[in-house]
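Chemist: Below is one structure. I have some questions about it.
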Amino acid sequence: MQRIEGEATRMSGLVEDLLTLARLDNRRPMQMEPIDLTVIAGDVVQDARARDTTHTLRLTGLAGQRLGPATVDGDDARLRQVVTNLVANALQHTPAGTSITVSVGTEDDRCRVEVADNGPGVAPEAMPHLFERFYRTDPARGRQATGGHGLGLAIVAAIAQAHGGRTGVAPTPGGGATFVLDLPVPHRPLMTCPRRCHEQHPELPHGSPEPTWHSEPHGPASGQAPVWESPQQQKPPRKRRRGVWVVLAVMVLVIALLGTAAMMTLRSGVQTSDFSQNSGLPQGADAPRAPVEQADASAPDWSATAAAVSPSVVSIAVASGRSGGEGSGVVFDSEGHVLTNHHVVAAAGNGGTILVTLADKRVFEAKIDGSDAATDLAVLSLQGAPEDLRPISAGDDRQLKVGQPVMAIGNPLGLSGTVTTGIVSALNRPVSTTQESQGQNPFGGQQQGELVVTNAIQTSAAINPGNSGGALVDASGKLVGINSSIASLSQQSGNIGIGFAIPVTEAQAVAKQLMESGKVKHPYLGVRLTDAIATEGQTKRRAAGIASVETGTPAAAGGLRDGDAVIAIDGTPVDSSLSLTAQVRARTVGTPTKLTILRDGQRQDIQVNLAERN
């Protein structure tokens, strides 16, 4: 059984890599922004050191240079994947005890990352083929029969070409191999004539010979910035890579067969499906409507739920200059309003365009009616909205119970109409994320912005980048939350079974304000908080400590004092400063609120009226 599980995991990784290559082949939009390759390399080296203690990893500047910024225009997630794959390749193919040097710098109007190892090296006849798909290096490189599947370096080459760059390999002086990522510096004239390649790159740092550069006829020419097609443009006929898709089909079949065997002893509480146009679910007027009557609430018929909710969930694509992104949304009303996350559409605030795709594949342009970074919510208006829109049916998150089954629906990684199921893992979970400017994804990014604190619903339903703004529904198909963020082990780890959604009651209140005035009134208490452990009689408990009270605030008017410890708000337990902040932000301005506090070891209630934060 362990062998079956291991093989299924390996095949799943292969399919994931094939999908990545397919998206690059089809030139899916990337979020382009200034990226410092030195920062990325530093993060990757630090992670590698934590995972692998058998090698020595060093981060340096290129030969003759001090380590400093090396900025390119690129997609942060993709370029991180490139450096990660190059370092992983070096770790895999070099003996324990050897050193690996990652060098970053700028040379001749190009930015370069080099990963040099001191392993057995690469045979000259193999160098031109290392970045080819499914190419397996010669045995001297240490490839094991149970090892990778020959796509790690192919993904590196595809991403580099999508950024107008190239990849290569050269011998490391003294033995080993040096893998090179070469990208253009932004806003500089680029030399693309093949006859001048040696003028551009006279030598490889560390005294190595000129690398053997990988050539891919299907990618953009080296030195040229990629041109992404608008979703409105019709793609011309193009030669299809049948080989990749044949292998993908075979791998999917193998995984299905292995999964059948494994399910004899393993059970999973998470199901996935895709209700795209080919899934067979009814669309338009033929689709059932929520609420769905479930015969057994503990074992819902998720197909019925998906069919009822799918017409109310949309895919969102945003493009602004060279940046852009994808996300999800829900149809809020029959007038064409769509509710989504602020971070999904923030990039469009700089003159960008927003395209909304309905479940039946009709596409509409949209404009932002209002967007609020503090709550991470936004409302769009479809231009020329059709009369047959299906608004989502709203539920009541206050009736949710921990352990209750739920379904997440959205557009993860561009896979529109994806359905995943799980349970409510926790309620009133305080979650803080930093809202990056320029429309960055909350799962990653470098720019800092407003802190978003949410009194969230935690769920085990798989949520991934692109799910943001999508629906979290109960078994009846009623909306209980707007999917917004995940917890992950690293920027590239993806879903680990801990996702968060903004409760529907808060989302509705914010949406109505955005539609009425384009802005949101935010409540505040007027205190400075700290985490505290308070004493009640002989018992100690965690609480939100009041470090100071500002004069002329709701807290001062209600009688809060320095040193008080808040243990509940309107009867809901509070165990930290973040917990109280999330609870306050989930309420509306003017709401009478009861705070239960401990003062001098005695419990008492204090009434406050939350005021508007300036």
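The values are calculated or read from the model by the stated rules, or taken from the named source; none is laboratory data. For clarity, every value in this text was computed on a predicted model and none was experimentally measured. So basically every Cβ, Gly included, is an ideal-geometry build from the backbone, and we count neighbours across all protein chains shown. Quick note on the areas: whole protein, heavy atoms, side chains included, nothing else; ligands and nucleic acids left out. Shrake-Rupley method; radii C 1.70, N 1.55, O 1.52, S 1.80 Å.
Chemist: Go over the candidates I354, I368 one by one and state the one that is free of Cβ contacts under 8 Å to residues at least 40 places away in the same chain and buried (at least 23 other Cβ atoms within 10 Å of the Cβ).
Modeler: I354
Chemist: Working only within the range 48-79, note down all residues that are among the basic types (K, R) and farther than 18 Å from G105 by Cβ.
Modeler: Listed by number, the residues that qualify are R49, R51, R78.
Chemist: Does the range 362-376 hold any residues that are under 15 Å from A347 (Cβ atoms), aliphatic (A, V, I, L, M) and not in a loop (DSSP other than H, G, I, E, B), and which are they?
Modeler: Selection gives A366, I368.
Chemist: So which residues in the range 513-527 are in a loop (DSSP other than H, G, I, E, B) and farther than 17 Å from K594 by Cβ, if there are any at all?
Modeler: G518, K519, V520, K521, H522
Chemist: Across the range 66-92, which residue is farthest from P34 (Cα to Cα) among those that are free of Cβ contacts under 8 Å to residues at least 60 places away in the same chain and touching a strand residue (DSSP E or B) at 6+ places or on another chain (Cβ under 8 Å)?
Modeler: Step by step, filter the range 66-92, then rank; the result is L91.
Chemist: In addition: When only residues in the range 163-176 that are open to solvent by 10 Å² or more (accessible area, probe 1.4 Å) and not in a loop (DSSP other than H, G, I, E, B) count, which is modelled with the lowest pLDDT?
Modeler: The selected residue is P171.
Chemist: Could I ask something else about it? Where the second residue is charged (D, E, K, R) and assigned to a strand (DSSP E or B) and the first is under 16 Å from D575 (Cβ atoms) and lies in the range 536-559, which pairs have Cβ atoms under 6 Å and are six or more apart or on separate chains?
Modeler: Within 6 Å, no pair qualifies.
Chemist: Taking the conditions exactly as written (out of contact with any strand residue (DSSP E or B) (no Cβ under 7 Å at 6 or more places or on another chain) and closer than 21 Å to G417 by Cβ), does P311 satisfy them or not?
Modeler: The answer is yes for P311.
Chemist: For G61, indicate whether it is at pLDDT 85 or above, of a type outside the set (D, E) and in contact with a Gly (Cβ under 6 Å, 6 or more places away or on another chain).
Modeler: yes
Chemist: Can you tell me which residues in the range 585-614 are touching a helix residue (DSSP H, G or I) at 6+ places or on another chain (Cβ under 8 Å) and open to solvent by 30 Å² or more (accessible area, probe 1.4 Å)?
Modeler: Result: A586, T588, Q607, N609, A611.
Chemist: Out of the range 55-87, which residues are open to solvent by 30 Å² or more (accessible area, probe 1.4 Å) and within 16 Å of T167 (Cα to Cα)?
Modeler: Matches in the range 55-87: R78, Q81, T84, N85.
Chemist: Taking into account only those residues within the range 473-488 that are assigned to a loop (DSSP other than H, G, I, E, B) and at pLDDT 90 or above, which is surrounded by the most Cβ atoms within 10 Å (Cβ to Cβ)?
Modeler: That would be G477.
Chemist: Go through (1) modelled with pLDDT under 90; (2) assigned to a helix (DSSP H, G or I) for T581 and report which single condition fails.
Modeler: (1)
Chemist: Report yes if I502 is without any contact (Cβ under 8 Å) to a residue 40 or more places away in the chain, touching a strand residue (DSSP E or B) at 6+ places or on another chain (Cβ under 6 Å) and under 24 Å from V608 (Cβ atoms), otherwise no.
Modeler: Values: without any contact (Cβ under 8 Å) to a residue 40 or more places away in the chain: no; touching a strand residue (DSSP E or B) at 6+ places or on another chain (Cβ under 6 Å): yes; under 24 Å from V608 (Cβ atoms): yes.
Judged against the criteria, I502 is not a match.
Chemist: Can you say whether G497 is at pLDDT below 90, in contact with a strand residue (DSSP E or B) (Cβ under 8 Å, 6 or more places away or on another chain) and not basic (K, R), as far as the supplied structure shows?
Modeler: Yes: the conditions hold for G497.
Chemist: With the requirement that a residue be without any contact (Cβ under 8 Å) to a residue 60 or more places away in the chain and within 19 Å of G552 (Cβ to Cβ), what does the range 593-614 give you?
Modeler: T593, L595, I606, Q607, N609, N614
Chemist: Do we find a residue being open to solvent by less than 20 Å² (accessible area, probe 1.4 Å), at pLDDT below 80, in a strand (DSSP E or B) and closer than 30 Å to A555 by Cα anywhere in the range 453-472?
Modeler: no
Chemist: Another question, if that's okay. Report the residue count in the range 529-552 for those that are of a type outside the set (V, I, T) and outside any strand (DSSP E or B). Quick ask: steps written out before the conclusion?
Modeler: Let us first name the residues in the range 529-552 that are of a type outside the set (V, I, T), namely 529, 531-532, 534, 536-538, 540-545, 547-548, 550, 552.
From what is left, the residues that are outside any strand (DSSP E or B) are 537-538, 550, 552.
Of the residues in the range 529-552, 4 are of a type outside the set (V, I, T) and outside any strand (DSSP E or B).
Chemist: Just need a number here: residues in the range 388-438 that are open to solvent by 20 Å² or more (accessible area, probe 1.4 Å), farther than 24 Å from G349 by Cα and free of Cβ contacts under 8 Å to residues at least 40 places away in the same chain.
Modeler: 5
Chemist: Return the residue satisfying two criteria in turn: it lies in the range 89-129 and is hydroxyl-bearing (S, T, Y) and within 18 Å of T167 (Cβ to Cβ), and of such residues it is modelled with the lowest pLDDT.
Modeler: From the range 89-129, those hydroxyl-bearing (S, T, Y) are 94, 98-99, 101, 103, 106; that's our starting set.
Now restrict to residues that are within 18 Å of T167 (Cβ to Cβ): 101, 103, 106.
Working: T101: 91, S103: 92, T106: 86.
Applying the filter and picking the extreme gives T106.
Chemist: Listed residues S381, S334; which is of a type outside the set (V, I, T) and assigned to a strand (DSSP E or B)?
Modeler: Within the list S381, S334, the selection yields S381.
Chemist: Just give me the residues in the range 501-523 being open to solvent by 50 Å² or more (accessible area, probe 1.4 Å) and more than 11 Å from L339 (Cα to Cα), in sequence order. Walk me through how you get there before you give the answer.
Modeler: Going residue by residue through the range 501-523, those that are open to solvent by 50 Å² or more (accessible area, probe 1.4 Å) are 508, 512, 515-517, 519, 521.
Passing the criteria: E516, S517, K519, K521.
Chemist: Additional query: Look through I533, I496 and report the one residue that is exposed (fewer than 15 other Cβ atoms within 10 Å of the Cβ) and under 30 Å from D301 (Cβ atoms).
Modeler: Only one candidate passes the filter, namely I496.
Chemist: For G518, all conditions in the list (1) touching a Leu at 6+ places or on another chain (Cβ under 9 Å); (2) under 24 Å from K367 (Cα atoms); (3) at pLDDT below 90 hold save one; what is the number of the exception?
Modeler: Of (1) touching a Leu at 6+ places or on another chain (Cβ under 9 Å); (2) under 24 Å from K367 (Cα atoms); (3) at pLDDT below 90, only one is false for G518: (1).
Chemist: Quickly run through the range 45-83 and pick out the residues that are hydrophobic (A, V, I, L, M, F, W, C) and outside any loop (DSSP other than H, G, I, E, B).
Modeler: Within the range 45-83, V45, A48, A50, L57, L59, V72, A77, L79, V82, V83 meet the criteria.
Chemist: If N341 satisfies every condition in (1) in contact with an Asp or Glu (Cβ under 7 Å, 6 or more places away or on another chain); (2) modelled with pLDDT of 95 or more; (3) of a type outside the set (G, A, S) but one, which is the exception?
Modeler: (2)
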